[in-house]
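Undergrad: Here it is, the structure in full.
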Amino acid sequence: MRLPDSVTGSFLVALGAAAAYGGWILPPVPGQPVGPNVFPLVIGTGLALCGLAIVFGIGHSFEEEEELVPLENGQAASPPPQGKLYGLRALLPPALLLFYVFAADRLGFILAAAIMVYVTSTALGAKWKLALPLAALSPFAIHLIFGKLLRVPLPAGLLPTPW
Amino acid sequence: MLKTLIDAFALISTWEVIIAMFAASVYGLVIGSLPGLSATMATALLVPVTFYLSPIAAIATIVAASSMAIFSGDIPGALLRIPGTPASAAYADEAYAMTRKGQAELALGAGVWFSAVGGIAGVLSLMILAPPLAEIALSFSTFEYFWLALLGLMCATLVARSSPVKAIAGMFIGLLVSCIGIENPGGVPRFTFGLTDLFGGIEPIPALVGVFAVAQVMRAMLTPEPPPLPRRKFGSIMAGQWKLTKKYHWQMTRGNIVGIIIGVLPGAGADMAAWVSYAMSKRFSKEPEKFGTGHVEGLVEAGASNNASIASGWVPSLLFGIPGDTIAAIAIGVLYMKGLNPGPTLFTEKASSMYAIYLMFIIANIMMIPLGIAMIRVAAYILLAPRSTVMPIIMLCCAVGSFAIGNNMFGVVTVAAFGVIGYIMEANGYPVAAMVLGIVMGTMVEQAFVTSLIKSDGSILPFFERPVAAILAAMAIGALLWPVMVWVWRKMKPPQAAAATSR
């Protein structure tokens, strides 16, 4: 998901401008010169200026030393399969969380959590022999800790827990 | 003084605190040792649990888990050359080289021992620095707070290991996030887009969980699994550590001091402390040629440094509500939740609670030695757990934990959204720590800024009139101009700049 600086920079300019405008149109506090509008105005302007600087590559020279932890040299790390859709796999975790938001009330915590665990585990390369027991057991364990011990009201849904 | 100390002992010698501390220590050791799961993430996932504990027990879990996780990141660093937490990345190569030379015990022992020593040095700094600073801070007005907050935000951008412009942009994004909601000077809904869920603003904790935990799971989706740990038998782990302490006592002290300073600086945490100390150790060493070939000197200094920064990161957090690092940012959230609102009065009104925090830090660092040794011995088994079983559970904890914070599903949406934001920012070189700082400090910065503006009646002059405010202002503006000056300087001297970067 490495985007060119010009793209992220332009986005920041737009975001900053929108924030500044959004702050500008807020109603002021009667009888006072400053109110809720000042801070977003300052922030938005600053953000837009930063975005401009990034578009023009200012400060880029500082990024050279950015270096990630090197992988093991001895074992040739198998190059990850690069497809067009491969990068989209990264969106799976947030998508699953949103799925949880919509499904938990209807399916109940146990089922929704089991589906989430199974999909994440499989996506990370687990065989069904590992993923299935994990998906079956871990929701109960988490429910025991959060639902029972910490009394978080987790939705029961279709499959209530035995306790 | 003695009475507060006894009160503090009474506060921490309850079963709840003892069990919470022990459990959090084990949890911190395990999470820290798993590559890809950082100390910050361990702490963030702990927050929902702290909701249901007493204030002291809640802080105990954070203190214990964060100290342990920073040490335990050394274990896979030494054995696999994959740092368990970013704080161990600086010297993972060195430690691994020692393991290959058959000195794994010495490397890991140095990790445990100097982490504990560093941690205790950090607490001492907290005990010595905080009360006199609190004394000074009592006379601060909103002008001083404004400049202090600005200085804090600027520090975070200065020390980021990426473009300062991007760091400042990250900070602004965080401040912008903190604008959402009706908690603003006018009490009007701001940037809520008509959504009732946004009226309360974005809670920092779900945002932190998203940025540090969900984004990590997202990255795991695209990176290959780390290799399993070869099983090995360890000899005595603490053997030779005392000799090292005597031989490298100066390096150790320097590491402690650097760690403390970096910890106090807002936004710069354990990972930065380790990088700086390791570089410093190499620079001032009598035998720099040995670095990189399995030489323990750098490990001593950096190990002493990263743990020292953990405790000293609490100094600005407790005093001003300005987090010293990302872990302290989470701690501030918990402090507010528990009615221990950060501020100089904390040290006079809740003195026994402060002493309890010091004591817990000391206990956690002493406990680190036996628990750390045990952890090193069982690490091979824990690291057998494949990522495909750990990450799903992390996901589940994210979902349940963020729900538990407000008992509403919007927390889960926040976590997901900030997972994406954190992932995109990290991938494009925008430091997320700067954004986190912005989110945590936003409300305070705005309050100080707007109140000051109202007091000064729109004039800029009062911002500089008080002596302390003037000094802080000079420092903040200097910090703001520093990258510009460096940039100009580099432009003027291109040949040297090229040589400096290729080094």
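No lab work stands behind these numbers, since they all come straight from the coordinates. Treat the numbers as computed from the prediction; the structure is a model and nothing was measured. Here the Cβ is made from the backbone with ideal geometry for all residues, glycine too, and neighbour counts use every protein chain on show.
Undergrad: Quick check: Cα centre of the stretch A:98-155 to Cα centre of the stretch B:1-79, how many Å?
TA: Each part's Cα centre sits 26 Å from the other's.
Undergrad: For labels at residue A:141 and residue B:19 in the simple 7 Å Cα→Cβ model, what's the distance in nm?
TA: 2.0 nm
Undergrad: Calculate the spin-label point distance for residue B:195 paired with residue B:9, positioning each point 7 Å from the Cα along the beta-carbon direction, and give it in nanometres.
TA: According to this spin-label approximation, the distance is 5.2 nm.
Undergrad: Now for a separate question. With an 8 Å cut-off on Cα pairs and a minimum separation of 6 or more residues, tell me the relative contact order of chain B in percent.
TA: 27 percent
Undergrad: Within a 10 angstrom radius of each residue's Cβ in B:87-96, how many Cβ atoms of other chains show up on average? Whole number is fine.
TA: Average per residue, whole number: 1.
Undergrad: Continuing with this model, one more query. Distance between Cα centroids, the stretch B:172-220 to the stretch B:305-383: provide it in whole Å.
TA: With the stretch B:172-220 and the stretch B:305-383 each reduced to a Cα centre, they are spaced 25 Å.
Undergrad: Fewest to most neighbouring Cβ within 10 Å: what's the order for B:99, B:253?
TA: In order of increasing Cβ crowding within 10 Å: B:253, B:99.
Undergrad: Still on this structure, please answer the following. Give me the dipole magnitude in Debye, nearest 20, for the stretch B:236-359 about the Cα centre, with unit charges on the beta carbon: positive for Lys and Arg, negative for Asp and Glu.
TA: 320 debye
Undergrad: What shape does the stretch B:219-311 take by its C-alpha gyration tensor, where a ≥ b ≥ c are the square roots of the eigenvalues and a/c under 1.5 counts as rounded, a/b above b/c as prolate, and the rest as oblate?
TA: In terms of gyration-tensor shape, oblate.
Undergrad: Can you give the helix-only mean residue ellipticity at 222 nm for chain B, where every DSSP H stretch with n ≥ 4 adds -39500 (n - 2.57) and the sum goes over all residues, rounded to the nearest 500 deg cm²/dmol?
TA: It comes out at -24000 deg cm²/dmol, rounded to the nearest 500.
Undergrad: Of A:42, B:112, how do they rank once you tally other Cβ atoms within 10 Å and put the fewest first?
TA: Neighbour counts put them in this order, fewest first: A:42, B:112.
Undergrad: A further question follows. Is the protein assembly as shown best put as rounded, prolate or oblate by its Cα gyration tensor, with a ≥ b ≥ c the root eigenvalues, rounded for a/c under 1.5, and otherwise prolate when a/b is larger than b/c, oblate when not?
TA: Rounded, because the longest to shortest axis ratio a/c is under 1.5.
Undergrad: Still on this structure, please answer the following. About the Cα centre, and with charges only on the beta carbon of Lys, Arg (+1) and Asp, Glu (-1), how big is the dipole of the protein assembly as shown? Nearest 20 debye, please.
TA: For the protein assembly as shown, the charge dipole is close to 1420 debye.
Undergrad: To continue, here is another question. Pairs of alpha-carbon atoms within less than 8 angstrom and 6+ residues apart define the contacts here; what relative contact order does the stretch B:220-374 have, in percent?
TA: Taking the mean separation of contacting Cα pairs over the length of the stretch B:220-374, I get 21 percent.
Undergrad: Shielding of B:171-182 by partners, i.e. mean partner chain Cβ atoms within 10 Å per residue?
TA: Partner-chain Cβ atoms within 10 Å, mean over residues of B:171-182: 5.
Undergrad: Take the alpha-carbon centre of the stretch B:424-485, take the same for the stretch A:5-61, and report the distance between them in whole Å.
TA: 15 Å
Undergrad: Could you work out, residue by residue across A:121-128, how many beta carbons of other chains sit within 10 Å of that residue's beta carbon, and then give the average as an integer?
TA: Mean partner-chain Cβ count within 10 Å for A:121-128: 5.
Undergrad: Explain nothing, just the number: dipole magnitude of chain B about its Cα centre with +1 on each Lys and Arg Cβ and -1 on each Asp and Glu Cβ, in debye rounded to the nearest 20.
TA: Rounded to the nearest 20 debye, it is 1560 debye.
Undergrad: Quick one: if the Förster radius is 51 Å, what FRET efficiency do residue B:54 and residue B:287 give, using the C-beta to C-beta distance and rounding to 0.05?
TA: 0.50
Undergrad: Cut-off is 10 Å between beta-carbons; in what order do B:171, B:360, B:409, B:425 appear when sorted fewest neighbours first?
TA: The most exposed by this proxy come first: B:409, B:425, B:360, B:171.
Undergrad: Among the trypsin sites (Lys or Arg not before Pro) within the stretch B:230-338, which fall in a DSSP loop and have no more than 12 other Cβ atoms within 10 Å of their own Cβ?
TA: B:231, B:232, B:233, B:286
Undergrad: What trypsin sites (Lys or Arg not before Pro) does the stretch A:84-141 have in DSSP loop regions with at most 15 other beta carbons within 10 Å?
TA: Those satisfying the criteria are A:84, A:127.
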